[in-house]
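Written below as structure tokens is the structure these notes are about.
The values are calculated or read from the model by the stated rules, or taken from the named source; none is laboratory data. What you are looking at is a predicted structure, and each value in this text was computed from that prediction instead of being measured. Neighbour counts are summed over all protein chains in view; Cβ atoms, including those assigned to glycine, are modelled from backbone coordinates with ideal geometry. These area figures cover heavy atoms from the full protein model, side chains too; ligands, DNA and RNA do not enter into them. Shrake-Rupley method; radii C 1.70, N 1.55, O 1.52, S 1.80 Å.
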Amino acid sequence: MNNTLQQDLNNIENILEQVKQQGIEFLNSLDSVPTSSSNSMTTDRNLNQTGLGSLSALDEFNQRLAPMMIASPGPRYLGFVTGGSTPASIVGDWLTTIYDQNTQAVKAQGGVSALIEIETINLLLQLLDLPKSFLGGFVTGATMSNFTSLAVARQWFGKQLGKDFAKNGVSEPITIFSATPHSSSIKCLSMLGIGSQNFTKIKTIEGNREAIDVADLERNIEALSGKPFIVITSAATVNTADFDDFVAINELKKKYTFWWHIDAAFGGFAACSPKYKHLVNGWENADSITIDCHKWLNVPYESAFYLIKEEHKILQIETFQNSNAPYLGDPLENFSFLNFLPENSRRLKALPVWFSLLAYGKEGYQDIVENSVDLALQFDAFITENESFELLAPTRLNNVCFTLSGELNQEKVNSFLTHLNDTGKVFMTPTVYQNRKGIRASFVNWRTSEKDIEIIIEVMKNIIDELKI
């Protein structure tokens, strides 16, 4: 064994202790860590010949790289619908790395950590009050969850025409309807060979809405004269957290044959709260659902899961089966996740989720969701009452979409946001909504409190005064 590697092995307890202490210090100081950074670094470092060893590498990390780390898991990071990591999920994430399992099969000569993943999916179904008729698995994020679901939808579409798209390629145009698809779904259409522009954009409900106009959807369906199609719907759109009417789409399911996919990356967690569960009424009849865990579930990046109805199991295998690996056996008799999703190499992503679910239970996540919405509404009240700002849309859940008041101030929106983020005390993201420049604040972090809202409001008022808006 290499001498440096042997020394690290002999010193592993001290190494991990130092990392632990550094981690604790960072987590305990998240309130004061900047939410953005202007630091930079050179990227042309030469690789040394003999190696530094872990502690020397840690020293260099602390000197060169650590100053670039921001408080993205902190309470005032309101960009990109980003959650933080609960203590229990950090435990699970550390143990995931330590045990270093390749999570695949439930019957194997090696590990059987896939059983942990299956149990975790069952726990999530209970959290979200969804039926066990869904099968699921973990992927890196909403993009790969959407990709997995829409890949099976693509196979379903081909089978309606008597074709096997997985084996022979996409040989027919695929009809897809959606009103306000997330950019990750559009990206998936590109990766799947369907084409990022090859979907029909359905009208949204009149008024300040992003939800699908079901009447317009049905008019488009009728025009198909019985041909197959796919519908992509939203449980919380990215700008305004608007929800499509799943009850109405259920009624369409009774009349027409189609694949129904729901992108519920963060909005699916409305199901955790009796106050907001009505927003997802009817979603249990979808064919597939996408949900992110590193958003409102508050576990470390990268973590998401897909849910696909068990009745589509064969289609899923046809889409992802490793058919050139006979040693894996019959995919129906010898379950392995590599026959059900894109990745062949997979870490045990389920473990941080498993820990957090067991640690905090249904009530814990109900509290997180309801606290986030309460804080969003408090921030909404400030925007509504302050003459310098205006809402671009009603706050329906946890996203507050707003802008500077008056059309003349549209040219100042980007400058205001730059000044806001440069304070390092809060971070929000820009958007464009109904052709107007805006700002989006997303409340999902379990740490965020009323004190943070007060800090954010004070910072925003100071910038308004500074810029004379």
> Just one of Gln104, Gln7, Gln22 is surrounded by 14 or more Cβ atoms within 10 Å (Cβ to Cβ), touching a strand residue (DSSP E or B) at 6+ places or on another chain (Cβ under 6 Å) and in contact (Cβ under 8 Å) with a residue 40 or more places away in the chain; which is it?
Replying inline: Gln104
> Inside region 170-200, can you point out the residues that are surrounded by fewer than 21 Cβ atoms within 10 Å (Cβ to Cβ) and among the β-branched types (Val, Ile, Thr)?
Replying inline: Val170, Thr175, Ile186, Thr200
>> Given the options Leu65, Leu52, Leu78, Leu58, name the one that is in contact (Cβ under 8 Å) with a residue 60 or more places away in the chain and either under 19 Å from the mean Cα position of the chain (by Cα) or surrounded by fewer than 23 Cβ atoms within 10 Å (Cβ to Cβ) (or both).
In response: Leu78
>> Please go through (1) assigned to a helix (DSSP H, G or I); (2) without any contact (Cβ under 8 Å) to a residue 60 or more places away in the chain; (3) buried (at least 21 other Cβ atoms within 10 Å of the Cβ) for Ile456 and return the number of the only condition it doesn't satisfy.
In response: (2)
> Taking only pairs six or more apart or across chains, which ones have beta-carbon atoms under 8 Å, a first residue in region 119-133 that is under 18 Å from Ala286 (Cβ atoms) and assigned by the TED database to the domain that holds Ala350, and a second residue that is part of a helix (DSSP H, G or I) and small (Gly, Ala, Ser)?
Replying inline: Ile121/Ala350; Leu127/Ala271; Leu128/Gly268; Leu128/Ala271; Asp129/Ala271; Leu130/Ala271
> Which residues, taken from region 371-416, are among the aliphatic types (A, V, I, L, M), open to solvent by 20 Å² or more (accessible area, probe 1.4 Å) and more than 20 Å from Phe243 (Cβ to Cβ)?
Replying inline: Ala381, Leu408
> Any idea which of Asn324, Asn285 is of a type outside the set (Phe, Trp, Tyr), over 21 Å from the mean Cα position of the chain (by Cα) and modelled with pLDDT of 95 or more?
Replying inline: Asn285
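Rundown of residues vs (1) within 25 Å of Ser184 (Cβ to Cβ); (2) buried (at least 24 other Cβ atoms within 10 Å of the Cβ); (3) in contact with a Leu (Cβ under 7 Å, 6 or more places away or on another chain); (4) without any contact (Cβ under 8 Å) to a residue 12 or more places away in the chain, yes/no style:
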site: Ser225; (1), (2), (3), (4): no, no, no, yes
site: Thr233; (1), (2), (3), (4): yes, yes, no, no
site: Ala236; (1), (2), (3), (4): yes, yes, yes, no
site: Asp244; (1), (2), (3), (4): yes, yes, no, no
site: Ile249; (1), (2), (3), (4): yes, no, no, no
site: Lys255; (1), (2), (3), (4): no, no, no, yes
site: Trp259; (1), (2), (3), (4): yes, yes, no, no
site: Asp263; (1), (2), (3), (4): yes, yes, no, no
> If we scan region 103-111, do we find a residue that is in a helix (DSSP H, G or I) and either modelled with pLDDT of 95 or more or of a type in the set (S, T, N, Q) (or both)?
Replying inline: no
> Would you say Val91 is touching a residue at least 24 places away in the same chain (Cβ under 8 Å), under 25 Å from Arg447 (Cα atoms), in contact with a Phe, Trp or Tyr (Cβ under 8 Å, 6 or more places away or on another chain) and open to solvent by 40 Å² or more (accessible area, probe 1.4 Å)?
Replying inline: yes
>> List the residue pairs whose Cβ atoms are under 8 Å apart, where the first residue sits in region 406-431 and is closer than 13 Å to Ile469 by Cβ, the second is modelled with pLDDT of 95 or more and open to solvent by 50 Å² or more (accessible area, probe 1.4 Å), and the two are 6 or more positions apart or on different chains.
In response: Gln410/Lys437; Val413/Pro430; Val413/Lys437; Asn414/Pro430; Asn414/Lys437; Leu417/Pro430
